[in-house]
Amino acid sequence: MAQTSSLAKIIDPPIDPVQMFKHLLETVDQGKPEGSFKEMNLATIDDEFGVLNRTVVYRGLSSDNYVFYITHRYTRNCKNLQANPKASITFYLPLVKDDADGKDTTWQVRLIGATAVELPESEMDALWDKEDLPAKIRGHVFPCGEPVDYDQLKLKHDTFLREHLTSGKPIERPASYTGWKFQPQRWDFLKVGQGLIADRFQYRLQSNGKWESMHVST
Ligand SMILES: Cc1cc2nc3c(=O)[nH]c(=O)nc-3n(C[C@H](O)[C@H](O)[C@H](O)COP(=O)(O)O)c2cc1C
């Protein structure tokens with residue numbers, strides 16, 4: 001059991017939350033293989049369950065600087081956002097080297113009170129081109145959330161793959177392929193480490209469109 005105690009401190013946070021987020025991700029990415037995924041947890045309002053969350057891949061920032069992810073229109077997460085665009089997102093970022101002392105810290109980033117906005121069709125081709133082969137095949141042959149028979153699904157997959165490889169043609173973007181970006185009311189950054197009580201730094205969107213920012217107790 002730790003015999004000392006101290007307070008974590010988020011040092012020199014920038015005035016813009018997206019700058020804060022970008023800096024944190026750059027620190028996390030140091031030493032990781034290029035192209036490694038970063039996941040986030042997305043919670044949506046669901047008719048049946050009240051709230052429903054799941055892990056999705058963070059795809060980056062949209063041209064207007066909002067966190068976005070990719071999905072298919074047949075998924076529940078997409079249907080949830082179509083019915084009610086309110087959402088909440090968390091990132092869990094363990095083992096981030098602290099700027100000040102080089103020690104490992106753990107961060108949580110939350111996008112609070114976010115409104116989801118579907119990405120424009122005009123941006124989807126470029127995103128589809130960057131998908132790897134399994135993602136492209138999944139987009140065509142897999143249902144989502146339905147009971148499935150593994151052998152039937154494998155046969156469907158293998159047939160699709162074989163036809164694709166023999167035809168040599170690119171796999172078309174299915175109509176279901178889409179993405180959503182999230183416009184948060186608040187960004188909440190929490191930093192903690194061993195023997196430390198967490199610090200939180202929060203950005204709150206004001207009615208004039210500017211961010212108010214402050215440390216908040218954990
Ligand atoms: C590491 C990881 C990454 C995932 N990325 C995505 C994603 O980017 N988009 C997506 O729709 N589902 C993704 N999933 C699947 C979702 O977690 C979820 O199972 C699926 O979307 C169905 O959820 P729903 O019923 O809430 O729609 C990912 C799962 C894991 C484990």
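The values are calculated or read from the model by the stated rules, or taken from the named source; none is laboratory data. Quantities reported herein were computed from a predicted structural model and do not represent experimental measurements. All Cβ positions, even for glycine, are placed from backbone atoms using ideal geometry, and neighbour counts span all protein chains on display. Heavy atoms of the whole protein, side chains included, go into the accessibility calculation; ligands, DNA and RNA do not. Shrake-Rupley method; radii C 1.70, N 1.55, O 1.52, S 1.80 Å.
I'd like to check one number: the per residue accessible area of the chain, probe 1.4 Å, reported in Å² as a whole number.
60 Å²
Please tell me the relative contact order of region 47-100 in percent, rounded to the nearest whole number, where contacts are Cα pairs under 8 Å and at least six residues apart.
Value for region 47-100: 18 percent.
What is the dipole size for region 115-182, taken about its Cα centre, with +1 at each Lys and Arg Cβ and -1 at each Asp and Glu Cβ, in debye to the nearest 20?
Using only the charged Cβ atoms, the result is roughly 140 debye.
Kirkwood Rh over Cα pairs of region 1-119 into Stokes-Einstein at 25 °C, 0.890 mPa s: D in µm²/s?
Translational diffusion coefficient: 151 µm²/s.
When the label point is put 7 Å from the Cα of Met214 along its Cα-to-beta-carbon vector, which residues of region 2-38 have a backbone N closer than 19 Å?
So the set is 9-17.
Angle between the Cα long axis of helix 17-29 and the longest principal axis of the chain, 0 to 90 degrees, nearest 10?
80 degrees
Just to be sure I understand: if I project the alpha-carbon convex hull of region 78-168 onto a plane and average over all orientations, what area do I get in nm²?
The directionally averaged projection comes out at 10.4 nm².
Kindly write out, for region 196-206 in residue order, the coupling ³J(HN,Hα) from the Karplus curve 6.51 cos²θ - 1.76 cosθ + 1.60 (θ = phi - 60°), rounded to whole Hz, with x marking Gly and Pro.
10, 8, 5, 10, 10, 10, 10, 10, 10, 6, 8
Calculate the translational D of the chain in whole µm² s⁻¹ from Stokes-Einstein, where the hydrodynamic radius comes from the Kirkwood formula applied to all Cα pairs, the temperature is 37 °C and the viscosity 0.692 mPa s.
Reported coefficient: 167 µm²/s.
Taking the Cα centre of region 1-71 as origin, sum charge times position over the Cβ atoms of Lys and Arg (+1) and Asp and Glu (-1), and report the length of that vector in debye to the nearest 20.
260 debye
Would you mind working out the magnitude of the charge dipole of region 1-137 relative to its Cα centre, with +1 at each Lys and Arg C-beta and -1 at each Asp and Glu C-beta, to the nearest 20 Debye?
Computed about the Cα centre, the dipole is about 400 debye.
Would you work out what percent of the accessible area of region 152-218, with all protein chains in place, is carbon or sulfur (probe 1.4 Å)?
Answer for region 152-218 is 51 percent, counting heavy atoms of protein chains only.
Under a plain spin-label model, where a point goes 7 Å from the Cα along Cα-to-Cβ, how far apart in nm are Thr27 and Ile197?
2.1 nm
Using Cα atoms only, what is the angle between the long axis of helix 150-167 and the major principal axis of the chain, expressed in degrees (0 to 90) to the nearest 10?
80 degrees
Once Lys and Arg get +1 and Asp and Glu get -1 on their Cβ, which of Pro13, Ala198, Gln183 lies farthest toward the positive end of the dipole of the chain?
Checking the options against the dipole of the chain, the answer is Ala198.
How much length is gained on full extension from Asn84 to Asp129, taking 0.36 nm per residue of separation minus their Cα-Cα distance? Before the final figure, lay out each step's value.
Values: separation 45, 0.36 × 45 = 16.20 nm, distance 2.90 nm.
Value of the extension gain: 13.3 nm.
Please pull out the direction-averaged projected area of region 137-218, using the convex hull of its alpha-carbon atoms, in nm² to one decimal place.
That works out to 11.4 nm².
Helix-only mean residue ellipticity at 222 nm, the chain, DSSP H runs n ≥ 4 weighted -39,500 (n - 2.57), per residue, nearest 500. What is it?
Mean residue ellipticity at 222 nm (helix-derived): -7500 deg cm²/dmol.
Starting from the Cα-Cα distance between Asp12 and Val51, subtract it from 0.36 nm times their residue separation and give me the gain in nm to one decimal.
Working: separation 39, 0.36 × 39 = 14.04 nm, distance 3.53 nm.
The Asp12-Val51 span can extend by a further 10.5 nm.
Region 1-28 to region 63-124: how many Å between their Cα centroids?
18 Å
Considering only protein heavy atoms and a probe of 1.4 Å, how much of the accessible area of region 16-147 is carbon and sulfur, as a whole percent?
52 percent
Contact order normalised by length for the chain, with contacts defined as Cα pairs under 8 Å and 6 or more residues apart; what percent is it? Walk me through the numbers before you get to the answer.
Numbers: 355 pairs, mean separation 54.2, N = 218.
Computed value for the chain: 25 percent relative contact order.
Between their Cα atoms, which of Lys32/Lys86; Lys79/Lys181; Lys32/Lys154 are more than 22 Å away from each other? Let's see the in-between values first.
Working: Lys32/Lys86 33 Å; Lys79/Lys181 15 Å; Lys32/Lys154 32 Å.
Violating the 22 Å limit, Cα to Cα: Lys32/Lys86; Lys32/Lys154.
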